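Visitor: Quick one: the structure is below, and I'll ask about it shortly.
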Amino acid sequence: MEVVISLFLFALAIGYVEYRFRAIRRDTDKEQSGAFDFFATKEELKKAVKELKEQADADRLAADERMESIEQKAFYAAEEKKKEEVKKQQAPVEDPDPSVVYFKWPADDGTFVDAQRQRFQTEDTYYMFRLDDSRTKAEFTFVTMSETQLSKANNSSKKYIERACSFVNAKSTKYSCTPGKAHLDRGRWVVDLKARIEYK
């Protein structure tokens with residue numbers, strides 16, 4: 001809008017110059033005065049053009065700054081939105097049940113190291129333990145969050161499954177699990193009864 005106004009003012013200045021030239025031509029009896037008016041008009045025109053140029057430059061700079069400000073605000077808004085999405089994905093929906101903990105997979109001897117327990121289920125945890133009131137005994141089940149995670153466990157079942165579970169039927173993408181039992185002994189959960197996985 002400022003640029004349009006500047007152009008309009010420039011057109012008015014040009015019209016004024018033409019008017020002054022016509023007045024000089026008509027006033028032949030006052031050559032000296034006419035010459036003076038010509039030079040005065042020329043100086044006025046120079047001044048008007050300079051002012052218009054300065055105004056146009058200022059308008060262009062202001063427009064560039066506004067555009068840069070808009071782009072920066074949009075960028076920062078997008079970055080904040082990304083951060084919020086990450087927080088939502090990482091934050092639990094509600095406080096976890098303190099009696100429920102998760103483990104990745106059993107050690108080579110089939111035990112779970114208590115120090116490696118986790119409060120939340122992730123794509124890296126495969127076992128959910130529900131502790132009793134004494135926190136020294138627990139029932140546990142094999143749990144996965146996705147078919148990809150289950151496929152990984154099935155492909156390496158000796159590591160992820162067979163140390164703490166028995167299974168029936170051919171492995172597939174659907175299953176149910178009957179809980180197993182374990183007790184805490186010197187910082188390790190020892191499996192007393194393996195969980196039973198039934199593929200469907």
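The values are calculated or read from the model by the stated rules, or taken from the named source; none is laboratory data. Quantities reported herein were computed from a predicted structural model and do not represent experimental measurements. Here the Cβ is made from the backbone with ideal geometry for all residues, glycine too, and neighbour counts use every protein chain on show. Side chains are part of the model used for accessible areas, which takes the heavy atoms of the whole protein and leaves out ligands, DNA and RNA. Shrake-Rupley method; radii C 1.70, N 1.55, O 1.52, S 1.80 Å.
Visitor: Roughly how many percent of the accessible protein surface of segment 92-167 is carbon and sulfur, given a 1.4 Å probe and a whole-percent answer?
Guide: On segment 92-167, the fraction of accessible area on carbon and sulfur atoms equals 47 percent.
Visitor: Once you list every other residue whose beta carbon is under 11 Å from the beta carbon of Ala107, what net charge do they have if Lys and Arg are +1 and Asp and Glu are -1?
Guide: +2
Visitor: Follow-up. Once you sort the root eigenvalues of the Cα gyration tensor of segment 51-200 as a ≥ b ≥ c, which label holds: rounded (a/c under 1.5), prolate (a/b larger than b/c) or oblate (the other case)?
Guide: Taking the square roots of the gyration eigenvalues as a ≥ b ≥ c, segment 51-200 is prolate.
Visitor: Also: If I model segment 55-143 as equal point scatterers sitting on the Cα atoms and use the Debye formula, what is log10 I(q)/I(0) at q = 0.13, 0.18, 0.22 Å⁻¹?
Guide: After summing over all Cα pairs, the log10 values are -0.61, -0.86, -1.05.
Visitor: Over what distance in Å are the Cα centres of segment 129-200 and segment 52-80 separated?
Guide: For segment 129-200 versus segment 52-80, the Cα centre distance is 59 Å.
Visitor: I want the local charge near Glu65. Using Cβ-Cβ distances under 12 Å, sum +1 for each Lys or Arg and -1 for each Asp or Glu among the other residues.
Guide: The answer is -2.
Visitor: Let me know the shape class of segment 104-167, please: from the alpha-carbon gyration tensor, a ≥ b ≥ c as square roots of the eigenvalues, rounded when a/c is under 1.5, otherwise prolate if a/b is greater than b/c, or oblate.
Guide: Note, shape of segment 104-167 comes out prolate.
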